[in-house]
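These notes are about the structure you will find just below.
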Amino acid sequence: MTPIRLQLLGKCTLHVGDEDRTAVLGRTGKGTGVLALLCLSEGNSCEPLYLQELLWPDSESPEKRAANYRQQVHRLRKALGESSTALITERNEIRLDMHAVRSDVNTFLNCLKQTDWKGALEAYGGSLLPRLGDAWVDEARGKLRKQYLDALAARVEELKHQKPGDALVVLERWSDEAPESAEQIQWLRWEILVILNRQAEALAEAESYCARNPDAEDETRDWLKRLQKPPRLNELPPLPVPWTPFIGRQDELAQLVGRVRGARLFTLCGEGGIGKTRMALAAAARLGRPT
């Protein structure tokens, strides 16, 4: 069985085996729409009458719709290859053999079902058939876009605690795709910056955003107030746990702890490699800093 690779998101391409048949597919006109609708049906059968009414809604003659449909199916067969069995037609139904056709639409939909958000984002290359302006395409395009934005949001939630840096990258993609969700995206960005110990950056962004947007939502104002409060001791991130025990220098440690208590800022000076960081961690642990 010759493999068929079909791309419908962002652009339309067709490869049958090693042969690029995109140009042939482009000449099928409404046949490309038939192919897309069959992919969206995920291997389930469609009634020809249903496809005809979607693709030729302005045609007053059922006979003319049926004739146009048969012509496009014929051209579609030529695009897929005369010997291909991927397109299965019977008297009152038509479907695609999804074992024979690898489609980005179906990869995207399957990843959503498996909650594989990373795979879904990789599969989604853009709007469905961007050059086609039929009403049914607009509806399907909007539904797929909604699913894509939901996948972006889910991927951010999946990454924000384990890989917050990667979450910020996905968040930027979400921001580019959904300017209508700008404020919600800002809240998530500030939350992730706090997780990354970049609270000052989050505060600066929140202050700037609220200054530019006097009608910002209450939750945005609440975020600004939270960021303006200094973190309490038990809200600070945990200290790194040393791999080796702290040996010796107990007198120096006791002296350091005594001098640090009550100080807002304390600086340890010394040549590189003499153990300043190790001493600071030991002092923080003795002062009751959570580890």
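The values are calculated or read from the model by the stated rules, or taken from the named source; none is laboratory data. From a predicted model like this one, the values you see are computed outputs, not experimental measurements. With ideal geometry, Cβ positions are generated from the backbone for all residues, glycine too; neighbour counts draw on all protein chains shown. What goes into the accessible areas is simple: the full protein's heavy atoms, side chains included, and nothing from ligands, DNA or RNA. Shrake-Rupley method; radii C 1.70, N 1.55, O 1.52, S 1.80 Å.
A few points about this structure:
- Helices (runs of 4 or more DSSP H) wholly inside segment 121-228 that include at least 2 residues being in contact (Cβ under 8 Å) with a residue 40 or more places away in the chain: 135-159, 164-177
- Among the residues examined, Glu207 qualifies as modelled with pLDDT of 80 or more, open to solvent by 60 Å² or more (accessible area, probe 1.4 Å) and either within 29 Å of Pro164 (Cα to Cα) or in contact with a helix residue (DSSP H, G or I) (Cβ under 8 Å, 6 or more places away or on another chain) (or both).
- In a residue-by-residue description of segment 29-48, the property of being part of a strand (DSSP E or B) and within 30 Å of the chain's Cα centre (by Cα) applies to no position.
- Scope segment 128-164; condition out of contact with any Gly (no Cβ under 9 Å at 6 or more places or on another chain) and over 21 Å from Ala178 (Cβ atoms); matching residues: Arg131, Gly133, Ala135, His161, Gln162, Lys163
- Which listed residue, of Glu157, Glu90, Glu82, is at pLDDT 90 or above, of a type in the set (Asp, Glu) and either crowded, with 20+ Cβ neighbours inside 10 Å or out of contact with any Asp or Glu (no Cβ under 7 Å at 6 or more places or on another chain) (or both): Glu157
- Count - residues of segment 94-115 that are farther than 29 Å from Glu53 by Cβ and either crowded, with 16+ Cβ neighbours inside 10 Å or in contact with a Ser or Thr (Cβ under 8 Å, 6 or more places away or on another chain) (or both): 1
- Candidate set: segment 7-35, residues that are hydroxyl-bearing (Ser, Thr, Tyr) and over 19 Å from Asp97 (Cα atoms); chosen: the one least open to solvent (accessible area, probe 1.4 Å): Thr28
Okay, residues lined up against (1) in contact with a helix residue (DSSP H, G or I) (Cβ under 9 Å, 6 or more places away or on another chain); (2) surrounded by 14 or more Cβ atoms within 10 Å (Cβ to Cβ); (3) β-branched (Val, Ile, Thr):
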residue	(1), (2), (3)
Leu37	yes, yes, no
Ser41	no, yes, no
Pro62	yes, no, no
Arg70	yes, no, no
His74	yes, no, no
